[in-house]
Amino acid sequence: MVKFILKRLLQAIPVLVTVTIITFLLIHAAPGGPFDEEKAVPPEVLKHLNERYKLDQPIHVQFYDYLKNALQGDLGPSFKYPGRSVNEIIAAGFPVTFELGCYALLFALLIGVGSGIIASLQPNTCQDYVPMAFATMGICLPSYVLGPLLVLLFGIWLEWLPVAGWELTPGDKLLPSITLGSVYAAYIARLSRGGMIETLSRDFIRTARAKGMPESIIIFRHALRVGLLPVVSFLGPALAGLLTGSFVVETIFQIPGLGRYFVQGAFNRDYTLILGVTLLLASLIVLFNLIADVMIAWLDPKVRHETING
Amino acid sequence: MKQSMADVKGAISASPRQDAWRRLKKNKPAMFGLAVLSVFILLALAAPWITPYSYSGQNLELGASPPSTGHWLGSDLFGRDMLTRILYGSRVSLAVGFIATAVALVIGVAWGATAGYLGGRIDNLMMRFVDILYALPFTVFIILLMVVFGRNIFLLFLVIGAVEWLTMARIVRGQVLHIKQQDFIEAAVSFGLSRFHIIVKHVIPNIIGPVIVYATLTVPNVILLESFLSFLGLGIQPPQSSWGLLIAYGVETMEEYPWLLIFPASVLSLTLFSLNFLGDGLRDAFDVRDGGVREG
């Protein structure tokens with residue numbers, strides 16, 4: 001198992017380097033620099049600025065410098081927020097995005113797995129069709145449609161919940177979390193239904209039934225472990241999607257998270273901020289995929305055998 | 001291709017494609033999806049003949065007005081007819097959906113078929129490349145690209161297509177590995193046909209079912225991605241119109257003028273519904289599961 005994790009960690013290095021190189025080149029290929037928009041900067045000031053941020057150096061030198069600092073955990077100063085480092089901005093925004101993502105995932109897992117199991121117990125009956133119809137609806141209602149509709153209904157017409165903000169009024173975390181999580185709840189419901197239906201028809205379940213085990217133990221102890229594997233392997237991509245999806249939710253609900261900084265950074269050509277956020281997101285996605293793989297190896301006897309012996 | 005040449009003469013069983021079409025026709029949600037989609041496509045194509053207004057023509061005196069006989073779906077803050085804006089938006093959103101899927105289709109099928117058919121080290125190398133790309137945060141890159149190179153609609157087609165081909169390549173490769181071992185490929189090899197000829201003429205036609213299914217399921221993803229970008233202000237630019245853009249404007253004014261949000265949002269959701277129903281129906285009709293043909 002340790003060997004398997006180490007191998008996957010080594011594989012992550014080329015991915016992260018590729019991400020850094022692509023982002024770096026993309027940003028430098030952009031027409032216009034970060035100091036263009038400021039009205040008529042005198043040439044000597046521009047020269048000074050470029051020197052200070054090392055923009056006058058050849059690109060490979062800039063890249064080498066950046067990589068060296070990034071490895072030591074220093075993502076450099078922000079170009080557009082004077083006096084603030086990228087580390088500070090990330091430290092301010094990331095916890096908010098992360099918290100939002102966790103709530104959304106929790107919501108998605110509770111609703112998704114719950115309705116998936118319920119649907120799988122009586123396939124092709126009402127008990128199956130109703131939750132699955134909702135799941136299809138969830139997939140077809142992207143967050144930028146669902147979010148505003150929820151705000152309109154619960155925030156403006158019924159006035160039950162606040163329409164925007166984060167940690168300002170009680171209950172303001174509810175709507176953003178549901179908005180962000182609903183699409184994933186829908187996917188998870190479909191995946192867990194499919195996985196459970198397939199598992200419940202397998203031989204080891206029949207054996208367990210033949211031995212006269214209670215149905216609840218069969219479902220929760222035997223079937224879930226195998227039936228939820230598709231959900232576990234979906235978690236890696238889902239977490240990645242939650243992080244980028246929060247860009248939209250943060251915009252709708254005016255939440256001061258990483259997504260808002262990233263979108264603004266992209267508009268402002270804040271090189272170092274974009275690079276830093278991209279690197280962070282890429283590392284997290286690689287990490288999530290790794291964790292999902294390890295969990296699958298741990299849950300699925302077939303894969304566990306291969307990773308330990310192979 | 002379970003039907004052999006002998007079956008064709010017997011005229012009892014149809015070709016697999018006709019077979020799939022017959023099964024699809026029995027699937028009501030899928031046919032509903034197909035019908036809705038066809039109507040939307042026709043409306044989008046016929047937009048200039050349906051509405052007397054132009055998508056950018058402003059009428060500031062009118063301003064935002066609720067649905068009426070003159071403006072069936074109301075008008076926006078600048079007095080632009082909503083029906084017209086939605087119809088022209090459909091043109092953009094549907095075009096992005098279909099063209100970007102076509103880009104993904106071409107790259108994915110070519111890549112997957114080559115890797116799967118050649119096998120060995122080349123296969124390993126090509127699929128490892130796909131694995132690395134899979135791990136990249138593409139949404140972030142797309143946002144970057146749109147900012148860096150301006151919000152160009154053709155770039156949008158290319159970029160989205162370039163992201164979506166990865167899954168297609170994996171599915172096609174899996175199918176090709178399966179097809180490769182069948183007798184008719186061996187026969188083609190023993191005839192001395194070139195690899196290129198075998199891939200194009202014999203392998204690809206036999207994996208068309210799963211490819212159609214996956215392509216149908218890719219279109220809604222692409223439409224979602226486009227409207228996501230337009231919503232953030234990084235996709236289609238005004239006075240052009242797209243569903244994502246209309247929704248973004250609708251959100252800003254939903255308190256006073258909810259119809260500006262509700263109509264474009266319904267059209268987008270209905271389209272996504274239809275495409276998903278159609279995709280699921282096609283999957284059942286072609287008997288495809290998890291990118292592999294079911295045995296037996």
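The values are calculated or read from the model by the stated rules, or taken from the named source; none is laboratory data. Keep in mind that what you see is a predicted model, and the values were worked out from it rather than measured. So basically every Cβ, Gly included, is an ideal-geometry build from the backbone, and we count neighbours across all protein chains shown. Side chains included, ligands, DNA and RNA excluded: accessible areas come from the protein's heavy atoms. Shrake-Rupley method; radii C 1.70, N 1.55, O 1.52, S 1.80 Å.
Check B:D183 against each of (1) free of Cβ contacts under 8 Å to residues at least 24 places away in the same chain; (2) closer than 26 Å to B:T167 by Cα and name the one condition it does not meet.
(2)
Checking A:Q127 against (1) more than 14 Å from chain B (Cβ to nearest Cβ); (2) open to solvent by less than 60 Å² (accessible area, probe 1.4 Å); (3) more than 23 Å from A:L242 (Cα to Cα), which single condition isn't satisfied?
(2)
Any idea how many residues of the range B:254-285 are at the interface with chain A (Cβ under 10 Å from one of its Cβ atoms), farther than 18 Å from A:L153 by Cβ and open to solvent by 10 Å² or more (accessible area, probe 1.4 Å)?
Residues in the range B:254-285 being at the interface with chain A (Cβ under 10 Å from one of its Cβ atoms), farther than 18 Å from A:L153 by Cβ and open to solvent by 10 Å² or more (accessible area, probe 1.4 Å): 5 in total.
Would you mention how many residues in the range B:151-183 are over 18 Å from B:G108 (Cβ atoms), open to solvent by 70 Å² or more (accessible area, probe 1.4 Å) and not in a loop (DSSP other than H, G, I, E, B)?
2
With the requirement that a residue be open to solvent by less than 10 Å² (accessible area, probe 1.4 Å) and closer than 16 Å to A:I188 by Cα, what does the range A:140-153 give you?
Correct list: A:C140, A:P142.
Suppose the filter is out of contact with any strand residue (DSSP E or B) (no Cβ under 8 Å at 6 or more places or on another chain) and of a type outside the set (D, E, K, R); does B:N59 pass it?
No; evaluated as a whole, the condition is false for this residue.
Just one of the numbered conditions (1) open to solvent by 50 Å² or more (accessible area, probe 1.4 Å); (2) modelled with pLDDT under 85; (3) closer than 20 Å to B:F231 by Cβ is not true of A:I156; which one?
(1)
Tally the residues that are away from chain A (no Cβ under 11 Å) and either closer than 12 Å to B:S93 by Cα or touching a residue at least 24 places away in the same chain (Cβ under 8 Å) (or both), restricting the search to the range B:227-244.
So the count comes out to 7.
Tell me, yes or no, whether the range A:275-297 has at least one residue that is away from every other protein chain (no Cβ under 11 Å), modelled with pLDDT of 75 or more and closer than 24 Å to A:Q62 by Cβ.
Yes, the range A:275-297 has at least one match.
Filter the range A:1-40 for residues that are within 20 Å of A:P77 (Cα to Cα) and modelled with pLDDT under 70; which is nearest to the other protein chains (Cβ to nearest Cβ)?
Result: A:A30.
When you check A:V226 against the structure, is it within 14 Å of another protein chain (Cβ to nearest Cβ) and either at pLDDT 85 or above or surrounded by 19 or more Cβ atoms within 10 Å (Cβ to Cβ) (or both), yes or no? It would help to see each step written out before you state the result.
Numbers: within 14 Å of another protein chain (Cβ to nearest Cβ): no; either at pLDDT 85 or above or surrounded by 19 or more Cβ atoms within 10 Å (Cβ to Cβ) (or both): yes.
It is false that A:V226 is within 14 Å of another protein chain (Cβ to nearest Cβ) and either at pLDDT 85 or above or surrounded by 19 or more Cβ atoms within 10 Å (Cβ to Cβ) (or both).
Just to be sure before I move on: is A:G245 farther than 18 Å from A:P14 by Cα, facing another protein chain (nearest Cβ under 9 Å), open to solvent by less than 20 Å² (accessible area, probe 1.4 Å) and in contact (Cβ under 8 Å) with a residue 60 or more places away in the chain in the structure I sent?
The answer is yes for A:G245.
Please specify each residue of the range B:97-141 satisfying the condition of being of a type in the set (A, V, I, L, M, F, W, C), facing chain A (nearest Cβ under 10 Å) and open to solvent by 60 Å² or more (accessible area, probe 1.4 Å).
The answer is none; no residue qualifies.
Kindly indicate the residue of the range A:258-274 that is in contact (Cβ under 8 Å) with a residue 40 or more places away in the chain, within 10 Å of chain B (Cβ to nearest Cβ) and open to solvent by less than 10 Å² (accessible area, probe 1.4 Å) and also farthest from the chain's Cα centre (by Cα) among those meeting that condition.
Looking at residues that are in contact (Cβ under 8 Å) with a residue 40 or more places away in the chain, within 10 Å of chain B (Cβ to nearest Cβ) and open to solvent by less than 10 Å² (accessible area, probe 1.4 Å), I get A:G265.
Out of all the residues in the range A:163-175, which are within 14 Å of another protein chain (Cβ to nearest Cβ) and either among the hydroxyl-bearing types (S, T, Y) or surrounded by fewer than 22 Cβ atoms within 10 Å (Cβ to Cβ) (or both)?
Correct list: A:V163, A:A164.
Can you find a residue that is assigned to a loop (DSSP other than H, G, I, E, B), open to solvent by 40 Å² or more (accessible area, probe 1.4 Å) and at pLDDT below 90 anywhere in the range B:76-84?
Taking every residue of the range B:76-84 in turn, at least one turns out to be assigned to a loop (DSSP other than H, G, I, E, B), open to solvent by 40 Å² or more (accessible area, probe 1.4 Å) and at pLDDT below 90.
Considering the range B:1-47 alone, what residues qualify as being within 30 Å of B:P239 (Cβ to Cβ), modelled with pLDDT of 80 or more and assigned to a helix (DSSP H, G or I)?
B:V36, B:L37, B:S38, B:V39, B:F40, B:I41, B:L42, B:L43, B:A44, B:L45
Can we say A:I197 is open to solvent by 40 Å² or more (accessible area, probe 1.4 Å) and aliphatic (A, V, I, L, M)? Spell out the reasoning first.
Working: open to solvent by 40 Å² or more (accessible area, probe 1.4 Å): yes; aliphatic (A, V, I, L, M): yes.
Here the answer is yes, as A:I197 does meet what is asked.
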